[in-house]
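K.L.:
Quick one: the structure is below, questions incoming.
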Amino acid sequence: MQKILILISILIVQFLFSQEKPKVIEEVKIVKEVKTFTNKNGNIKIDVANSIFNSVPNMVDLLAKLPKIQISPDKESITVIGKGTPIIYIDNQIVTMNDLNSLSVDDIKSIEIINNPSSKYEANGRVVLLITRKLSKKEGFKVTISETASFQKKFNNYFGINSSFKKKKLEFKTNFNYNQIKVWEGNGNNFTIPNYDIVSNYNVIAITKRPQFIFGGGIFYKINEDDYFSLNANRRAQKDIFDIVTNTYNQQQTTINNINTLNTNDEFRNFTNVFLNYNHKIKSIDGQLFTGFQISNFNQEIDSEIFNNFNDTSFELSQNRFQKIKINVYSVRFDFEKEFKNKMKFEMGVLFLKANPTTDFEVNTINPSSNLSSNYNYKETNNAAYTNLSGTIKKVNYSIGLRVENTIAKGKNSSESNLVIDKNYTNFFPKLEIETPIDSTNTMTFNYAKSISRPNFSTASQLSTYINPYLVWNNNININPTITDEVSLAYQFKDKSVKLSYYDIKDPVYYASSYNNSQNLLTFQTKNFEKESGFNLEFTIPFKYKIWTSTNTINGIINTIEDKVSVVNPSKPYLYFYSNNIFRLPKAIELSLTSWGITQRTEGVFERNGLITFDMAVSKTLFKNLSCTLSYNDIFRKVKFNENFSSNNVISKGVFYTDLHLVSIAMRYSFGKIKDQEFKERAIDENSSRIR
């Protein structure tokens, strides 16, 4: 199969190179070349619209190709090297992974990785991914149709239609995507529990059939030059049908069992997000006032039947499971900003948020017969206020801000009278940035920030995943927020930069294991570890030579994770590198070669393996509005995650397989023309990134 795909790839590349258009010159345009990557103090901005990146079929795969960004094997979470989980904004609206999957890559202008966000951005993170959508300049309409065929372990197909229409002060945007996806996932683990003389290991594979519908629309009305109104909504609905197949070896003292487990699942999941924005200029004081309302809803239902086959006898029904989670989030915010004649800018704002996740959980065990059910209700309110002042004093740029947030959280099982969760806490988050130019090409920048990371709303539930009769993965409703203090110093020379950061993290969250001897059950569960701290030395080195443009990032990191009930090994420094190389060839052909890698990591509690991967893509505009892109990812199939640790006297050696190796062919056709587009969105729900 691999040889056939390689042969197809070669033939398509030859076809692309062989095509020539009729040499008819209608007009001559002088076009300024746009840089794909730009760098300022380590904040990297990627031009998606005018680069080969605009051919990637979906947003998650696009982000995986960008510097320092790591996507989890299940594609459900994002981390940034040296920074942790990012806050994600589309224009000025904070979004979730669900929103990303509802967004067309064709609608993206640029993506910026902001390492030191100001107080205006929420405090729930140390780094922001700012996604900016395209803008135009005249009235009209535009429709883009895209089709991508992706050959991985299974065949995947992505089809999308995006349209925009503008007439005078009124503008509409709509999108529709239908994807037929088959997701392959695999992982395994070897466990040793010396205190009970137990050795256990398993390998699990899951293949998911996922028909997926993504659709949305928005309306923008410009009242006058300074005021506007907008309404936007998007929805993603998908049905997941998947079997989890697990092979387990379990030895307890002299008793040995080999178990085959079949976990059949029928899941339905949908996400809806609606927001309303109004912007008004207060002319008497020359200030801008923004008001926003947002409603988000997430639903997930899972029906499971679990069968076990002990020692090659026969499969017998072991459990029936029904799990349901529903999350409703309502929020409103007000922002005010005023710029003075001396270019000093004052900003302030408030946010009010209310979230209500509920979980229904029912397990029927066949032998021995038992029934376990629960209904868990969680409520959280978050009230925040911020102020930020920025400007310039004798060529020194400054930004100083303070954010205060109060959180009230209450959780209760319907069968109990007492609260399981009862929290009320207030945090202050100061931020400071001072940028000092040495001369026209040299700049020094100092940053300090305090931030918080709260658990996702879905983790405030009792959802669990059955692996085998001895092992289950559980959520933890008792997770405390993580507080981070970080200070950094950056130096920039032209477009190259170096930055040194130190961070100290209280209550970081990771998975840990524990064994219950009375239940003979091993549980994997997220928990708060004691402390995490480290240094990060980062170099960003772009350069250009004729047709070759290269962007390179190198991070030297030493990170220590500590925990009282875990074995903590001495930490060792490790390296991360990223290199993107773009070659602009004749006949409108663009070739991209991307690689990233990370060396072996020893970070106190955890030991993780080194990784390296190489991607290639070639793109050509066949006709005026038709383009074709051939991509080949993880060419050498080297991405496999290993994680070893010892917690609560359980030694764990885990491996997580990925399905990144693929060949894909993308076709994109556009017709119509629209310019002078003024569609705008603003942040409303600053905790929506926790809805998953």
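K.L.:
Between Lys153 and Thr387, what's the calculated FRET efficiency when r is the beta-carbon distance and R0 is 60 Å? Round to 0.05.
P.N.:
0.70
K.L.:
Another one. Hey, got the dipole for the chain? About the Cα centre, +1 on K and R Cβ, -1 on D and E Cβ, debye to the nearest 20?
P.N.:
Roughly 2620 debye for the chain.
K.L.:
If you stretched the chain out fully between Tyr502 and Ser284, how much longer would it get, using 0.36 nm times the residue separation minus the C-alpha to C-alpha distance?
P.N.:
My answer for the length gained is 74.0 nm.
K.L.:
Okay, moving on. Roughly how many whole Å is it from the C-alpha centroid of the range 229-249 to that of the range 140-172?
P.N.:
With the range 229-249 and the range 140-172 each reduced to a Cα centre, they are spaced 21 Å.
K.L.:
Further question: Just the Cα atoms of the range 416-515, one point each, no solvent: what log10 I(q)/I(0) does Debye give at q = 0.13, 0.18, 0.20 Å⁻¹?
P.N.:
Those come out to -0.71, -0.96, -1.07, one per q.
K.L.:
Per residue Cα convex hull volume for the range 233-309, in cubic angstrom?
P.N.:
Value for the range 233-309: 139 Å³ per residue.
K.L.:
For Phe361, what charge total do you get from the other residues with a beta carbon under 9 Å from its beta carbon, if Lys and Arg give +1 and Asp and Glu give -1?
P.N.:
After counting each charged neighbour, the total is 0.
K.L.:
Hey, another quick one. Under the rule of at least 5 residues apart or a separate chain, name every residue whose amide H is placed under 5 Å from the amide H of Gly125.
P.N.:
Result for Gly125 returns Ile452.
K.L.:
Mind giving me the nanometre distance, one decimal, between the label points for Asn642 and Ser440, set 7 Å out from Cα along Cα→Cβ?
P.N.:
5.3
K.L.:
Could you give the radius of gyration (one decimal) and Dmax (whole number) of the Cα atoms in the range 317-387, in Å?
P.N.:
23.3, 77
K.L.:
Can you compute the modelled spin-label distance between Lys167 and Thr426, with each label point 7 Å from Cα toward Cβ, in nm?
P.N.:
Roughly 5.3 nm, to one decimal.
K.L.:
In whole percent, what relative contact order does the chain give with Cα contacts below 8 Å and a gap of six or more residues?
P.N.:
14
K.L.:
Evaluate the distance, in nm, between pseudo-label points positioned 7 Å from the Cα of Phe623 and of Phe268 along their respective Cα→Cβ axes.
P.N.:
Spacing of the two 7 Å Cα→Cβ label points: 4.2 nm.
K.L.:
Tell me which of Ser390, Pro357, Leu402 sits at the most positive position along the dipole axis of the range 332-409, charges placed on C-beta atoms (Lys, Arg +1; Asp, Glu -1).
P.N.:
Ser390
K.L.:
Sticking to Cα atoms, compute the Rg of the range 346-495 to one decimal and its Dmax as the biggest Cα-Cα distance, whole number, in Å.
P.N.:
That works out to 23.3, 78 Å for Rg and Dmax.
K.L.:
Another question about this same structure. Tell me the angle of helix 2-18 to the major Cα principal axis of the chain, expressed in degrees between 0 and 90 and rounded to the nearest ten.
P.N.:
Here the helix axis deviates by roughly 0 degrees.
K.L.:
Bin width 10 Å, origin at 0, all Cα-Cα pairs of the range 216-362: what percent of pairs per bin?
P.N.:
9, 22, 20, 16, 12, 10, 7, 3, 0
K.L.:
Distances over 41 Å make up what percent of all Cα-Cα pairs in the chain?
P.N.:
That tail contains 31 percent of the Cα-Cα pairs.
K.L.:
Pick out, in residue order, every one of the chymotrypsin sites (Phe, Trp or Tyr not before Pro) in the range 312-353 that is DSSP loop and has at most 10 other C-beta atoms within 10 Å; say none if there are none.
P.N.:
When the chymotrypsin sites (Phe, Trp or Tyr not before Pro) of the range 312-353 are filtered for loop state and at most 10 Cβ neighbours within 10 Å, Phe340 remain.
K.L.:
Binned at 10 Å from 0, what are the whole-percent values of the Cα-Cα distance distribution for the range 466-593, short to long?
P.N.:
Per 10 Å bin, starting at zero, the Cα-Cα P(r) for the range 466-593 comes out as 10, 25, 23, 19, 15, 7, 1, 0 percent.
K.L.:
Report the FRET efficiency, 1/(1 + (r/R0)^6), for Asn480 and Trp548, where r is their Cβ-Cβ distance and R0 is 60 Å, rounded to 0.05.
P.N.:
Calculated value: 0.75.
K.L.:
To the nearest whole percent, what portion of all C-alpha pairs in the range 123-180 is separated by more than 16 angstrom?
P.N.:
64
K.L.:
Holding the Cα-Cα limit at 22 Å, pick out from Lys40/Lys587; Lys326/Lys412; Lys120/Lys168; Lys68/Lys496 the pairs that are longer than that.
P.N.:
Exceeds cut-off: Lys40/Lys587; Lys120/Lys168.
K.L.:
In whole angstrom, note down how far apart the Cα centers of the range 540-554 and the range 273-308 are.
P.N.:
What the calculation gives is 39 Å, centre to centre.
None of the figures in this text is laboratory data; all of them are computed from the coordinates on show. Just so it is clear, the model here is predicted, and its values are computed rather than measured. In this analysis, Cβ positions are derived from the backbone assuming ideal geometry, glycine residues included, and neighbour counts consider all displayed protein chains.
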